[in-house]
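*Asks:* Below you'll find the structure I mean.
Bear in mind that the values in this text are calculations on the coordinates, not laboratory data. Owing to the predicted nature of the structure, the values given are computational and were not obtained by experimental measurement. Here the Cβ positions follow ideal geometry from the backbone for every residue, glycine too, while neighbour counts run over all protein chains shown.
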Amino acid sequence: MAEAAGPRAIGLLLSGYGDDGTEGVRHIKDRGGLVICQTPETAERGDMPQSALRKGYCDRELAPVEMFDEIVRFIKNHPPR
């Protein structure tokens, strides 16, 4: 997805164990896309969002209820080609 969508890609990193989502959001970040990580305080398990936050891959750190509005804003500012 990161290669196909480039700067229009959106990655959400939500609650989970380990750090397996970190590599995927790194690819999105490297290609100029938006990476939104769940705030660890709102996650049942904060391992995955914390891993990406530590590595600096998250553009926004939001509670799930705040993510929709951020995604809509991003899409409006990055229309399809």
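*Asks:* Rounded, prolate or oblate, given the Cα gyration tensor of the range 2-77, with a/c below 1.5 counting as rounded?
*Replies:* Details: a/c = 2.37, a/b = 1.26, b/c = 1.87.
Oblate, since a/c reaches 1.5 and b/c is not below a/b.
*Asks:* Then there is this: Would you please give the residues with an amide H less than 5 Å from that of Arg45, counting only those at least 5 places away or on a separate chain, with H modeled from the backbone geometry?
*Replies:* Counting only residues 5 or more places away or on other chains, the set is Gly16.
*Asks:* A further question follows. Would you mind ranking Ile75, Ile10 so that the residue whose beta carbon has the fewest other beta carbons within 10 Å leads the list?
*Replies:* Details: Ile75 13, Ile10 18.
By the 10 Å Cβ count, ascending: Ile75, Ile10.
*Asks:* Over the chain, what is the mean sequence separation of C-alpha contacts under 8 Å (at least six apart), divided by residue count, expressed as relative contact order in percent?
*Replies:* 32 percent
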